[in-house]
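The structure appears below as C-alpha cells.
The values are calculated or read from the model by the stated rules, or taken from the named source; none is laboratory data. If you're wondering where the values come from, they're calculated on a predicted model, not measured in any experiment. Here the Cβ positions follow ideal geometry from the backbone for every residue, glycine too, while neighbour counts run over all protein chains shown. When the accessible area is computed, the model is the full protein with side chains, heavy atoms only, and any ligands, DNA or RNA have been set aside. Shrake-Rupley method; radii C 1.70, N 1.55, O 1.52, S 1.80 Å.
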Amino acid sequence: MRIGAMIGDVSRALFKRPATELYPFERRKAPARLRGLLAFEPSRCTGCKICMRDCPARALELVVVDKATKRFAMKFHADRCTYCAQCVVSCNFDALSMSHEQWELAGLAREQFLHTFGRDEDLAVLREREAASRPGQGV
Ligand code: SF4
Ligand code: SF4
C-alpha cells in the first residue's frame, strides 16, 4: 500500500464511530427468533417425555412430582444444550419455548447452568426430596 493511501485510511478511521459495541453497558434488543433460555409451562406438560427422547444433547430431565395429578417439573442443563429447539418442535402440547429475551447464560460455576422449572409448590417438594436424600438426612 502506498504511504499516501495509508495516511488517508488512518485519518478517516480516526473520525469514524467504533465498529465495536460497549457491551455489557449497551445492549441491543435480541432478534425475536433468537433461541435463548428454555422456558417450561408446567400446566401444559403431560409427562410424555418426547422432548427428552428427541433431545440430542441429553439436556432435559423430566421430574415427576406427582403422576396422579400430572404434576411435572423440568431440569434443563444449559451447558449441554445446543439450542437446536428440537424439544420445542417435538412437544405436542406447547409446553416448551425458547426465550429471545434471556440469552445471557454465561456463568463461572457448573451449578449455574442447571435450571429447574416448575410450579413454585412443586419446586419446594423437589427441594425437600433433595434435602431428604442427602447423606445423614434420610429416615
Ligand atoms: S414433550 Fe412436552 S408434554 Fe411431553 S414431557 Fe416434554 S414438555 Fe412435557
Ligand atoms: S434445544 Fe435442542 S439440545 Fe437444547 S434441550 Fe432442546 S432438544 Fe435438547
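Odds and ends about this structure:
- Filter result for T46 (out of contact with any Pro (no Cβ under 6 Å at 6 or more places or on another chain), open to solvent by 70 Å² or more (accessible area, probe 1.4 Å), polar (S, T, N, Q) and at pLDDT 95 or above): no
- Count of segment 26-67 residues which are in contact (Cβ under 8 Å) with a residue 24 or more places away in the chain and on the phi > 0 side of the Ramachandran plot: 1
- Single unsatisfied condition, Q86 versus (1) in contact with a helix residue (DSSP H, G or I) (Cβ under 6 Å, 6 or more places away or on another chain); (2) surrounded by fewer than 16 Cβ atoms within 10 Å (Cβ to Cβ); (3) under 23 Å from E121 (Cβ atoms): (3)
Yes/no per residue for (1) closer than 30 Å to P31 by Cβ; (2) in contact with a Lys or Arg (Cβ under 8 Å, 6 or more places away or on another chain); (3) not in a loop (DSSP other than H, G, I, E, B):
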residue: V88; (1), (2), (3): yes, no, yes
residue: H100; (1), (2), (3): yes, yes, no
residue: E111; (1), (2), (3): yes, no, yes
residue: L126; (1), (2), (3): no, no, yes
residue: G136; (1), (2), (3): no, no, no
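- The lone exception for G47 - which of (1) assigned to a loop (DSSP other than H, G, I, E, B); (2) more than 10 Å from ligand 1 (Cβ to nearest atom) it fails: (2)
- Yes/no for R110 being more than 19 Å from L62 (Cα to Cα) and open to solvent by 100 Å² or more (accessible area, probe 1.4 Å): yes
- Condition check for L105: farther than 22 Å from V65 by Cα and either under 11 Å from the mean Cα position of the chain (by Cα) or loosely packed, with under 15 Cβ neighbours inside 10 Å (or both): yes
- The residues in segment 113-124 that are among the acidic types (D, E) and either surrounded by 14 or more Cβ atoms within 10 Å (Cβ to Cβ) or assigned to a loop (DSSP other than H, G, I, E, B) (or both) can be counted, and the count is 1.
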